[in-house]
Amino acid sequence: MGEGGAEVQPNEVVNLAISVLLAPMFYLAVTRADLPDRSWLLAGYAVLLVAFVATIAEGFLLPESLNFVEHLCYTVAAGLFLRFVIGVRRMGGGRASA
Amino acid sequence: MNALVPMADAVSAVLFLAAAALVIMARPRKDAAIDRWFRMFFAAAMGLYVIVGVSNALEHLGISDAFDVYEDYIEILFVPLILYAAHQAYMRTGLNERLRSYWALSSQYDLTLHVIDTVPCGVVIVDDTGRVTFANARARDQLELSEDPVTGGFRPVDWIALGADGEPEPGVEPGRLSAFAGLTDAEVEQRVRWPDGRTVTLSVSSTSMASRSGGIGGSIVAFEVVAVGR
């Protein structure tokens, strides 16, 4: 790692690996749970995955652009998670009415 | 373009903080998938990225990179935490469905009991030895059965079922309708006699119940009193 100018931090690789490996479990848990507006939650996770890929890719190409993409993804993901939480509060924590 | 990075970090920190605060303050319904554990783990996950956002903003603004070394570890914790929150919601959903099924079954059971208690004939359930394990209100009245709150069964009664010849069959204990224990779909008459000589003739319709092993596991016996004598 780091040869030829490319700089990849091990923790970034581990983070991406964990995120990708656990993504199916996350998807199954979210889609099977009675969660309101869950597409926002899934979208937030997906955008974070893009950020994790970008932070590794910036060690190889377009460092400035991909760094910006990474941080922009954090912001977008935060907005998506916030939107999910707003949906949770609005619908009382579940899709089915009592 | 990099000038925008600290701004993006600051905005993300604020948004993650808002998400964490709102989920903590949420008061979901009791039957919702969002329970206390979900809110705790979800807020913790959001809180981690508040720290990441602040750390990144301070670093890119050139103020401090002291948190940078911790940020690497913090990011790795995010996915397990949010996965646990999602899994908790999934488990809570399953638990809620089971509770709803239980209450639906329980109310159906209560309704069935009320219906059986309302019918104008006696209804008893006997096990494979002829022991009465259930009796509706009419049967309790006519066969003088009373529930024993200690055992959950019925207190011993002293009437005895008579055979076709009018005499107790050998080995039959009082209070048992042994003739129906293994009988399948019968419509017969059954006499029972109390120690004081009083006799009651019952017109009985019975149907057998299957046991877990597939054999006969007792019967449902419905009856009407057709004659009372000595």
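Among the residues that make up the stretch A:36-44, is at least one of them outside any loop (DSSP other than H, G, I, E, B), facing chain B (nearest Cβ under 8 Å) and under 16 Å from residue B:84 (Cα atoms)?
Within the stretch A:36-44, one or more residues are outside any loop (DSSP other than H, G, I, E, B), facing chain B (nearest Cβ under 8 Å) and under 16 Å from residue B:84 (Cα atoms).
Condition check ((1) within 21 Å of residue A:13 (Cα to Cα); (2) assigned to a helix (DSSP H, G or I); (3) not charged (D, E, K, R)) across all residues:
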| position | (1), (2), (3) |
| --- | --- |
| B:8 | no, yes, yes |
| B:16 | no, yes, yes |
| B:21 | no, yes, yes |
| B:44 | no, yes, yes |
| B:57 | no, yes, yes |
| B:66 | no, no, yes |
| B:82 | yes, yes, yes |
| B:88 | no, yes, yes |
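Taking the stretch B:90-125, which residues are hydroxyl-bearing (Ser, Thr, Tyr), open to solvent by 70 Å² or more (accessible area, probe 1.4 Å) and either closer than 16 Å to residue B:38 by Cβ or assigned to a strand (DSSP E or B) (or both)?
Listed by number, the list holds a single entry, B:90.
What about residue B:155, is it in contact with a Lys or Arg (Cβ under 7 Å, 6 or more places away or on another chain) and within 17 Å of residue B:134 (Cβ to Cβ)?
no
So, in the stretch A:45-73, of the ones that are among the acidic types (Asp, Glu) and part of a helix (DSSP H, G or I), which residue ends up farthest from residue B:52 (Cα to Cα)? Spell out how you get there, then give the answer.
Within the stretch A:45-73, the first condition is being among the acidic types (Asp, Glu), and the residues that meet it are A:58, A:64, A:70.
Filter again for part of a helix (DSSP H, G or I), leaving A:64, A:70.
Values: A:64: 19, A:70: 12 Å.
Result: A:64.
For the stretch B:78-89, does any single residue satisfy the condition of being within 14 Å of chain A (Cβ to nearest Cβ), at pLDDT 95 or above and open to solvent by 60 Å² or more (accessible area, probe 1.4 Å)?
yes
Can you list residue pairs whose Cβ atoms sit under 7 Å apart, with the first residue in the stretch B:160-181 being touching a residue at least 24 places away in the same chain (Cβ under 8 Å) and the second being open to solvent by 30 Å² or more (accessible area, probe 1.4 Å) and part of a helix (DSSP H, G or I)? Count only pairs 6 or more apart in sequence or on different chains.
The qualifying pairs are B:161/B:178; B:161/B:179; B:172/B:178.
Would you mind telling me which numbered condition in (1) without any contact (Cβ under 8 Å) to a residue 12 or more places away in the chain; (2) surrounded by fewer than 22 Cβ atoms within 10 Å (Cβ to Cβ); (3) under 30 Å from residue B:32 (Cβ atoms) residue A:63 fails?
In the conditions (1) without any contact (Cβ under 8 Å) to a residue 12 or more places away in the chain; (2) surrounded by fewer than 22 Cβ atoms within 10 Å (Cβ to Cβ); (3) under 30 Å from residue B:32 (Cβ atoms), residue A:63 misses (3) alone.
I'm trying to understand the selection: among the residues of the stretch A:84-98, which are modelled with pLDDT of 90 or more and touching an Asp or Glu at 6+ places or on another chain (Cβ under 7 Å)?
Step one: list which residues in the stretch A:84-98 are modelled with pLDDT of 90 or more, which gives A:84-87.
Residues satisfying the conditions are A:84, A:87.
Keeping to the stretch B:132-158, report how many residues are open to solvent by less than 60 Å² (accessible area, probe 1.4 Å), part of a loop (DSSP other than H, G, I, E, B) and closer than 18 Å to residue B:121 by Cβ.
Going through the stretch B:132-158 one residue at a time, the tally reaches 3.
The values are calculated or read from the model by the stated rules, or taken from the named source; none is laboratory data. Because the structure is a prediction, the values reported are computed rather than measured. Please note: Cβ atoms are built from the backbone with ideal geometry, for glycine as well, and neighbour counts cover all protein chains shown. In case anyone asks, the SASA skips ligands and DNA or RNA and just uses the protein heavy atoms, side chains included. Shrake-Rupley method; radii C 1.70, N 1.55, O 1.52, S 1.80 Å.
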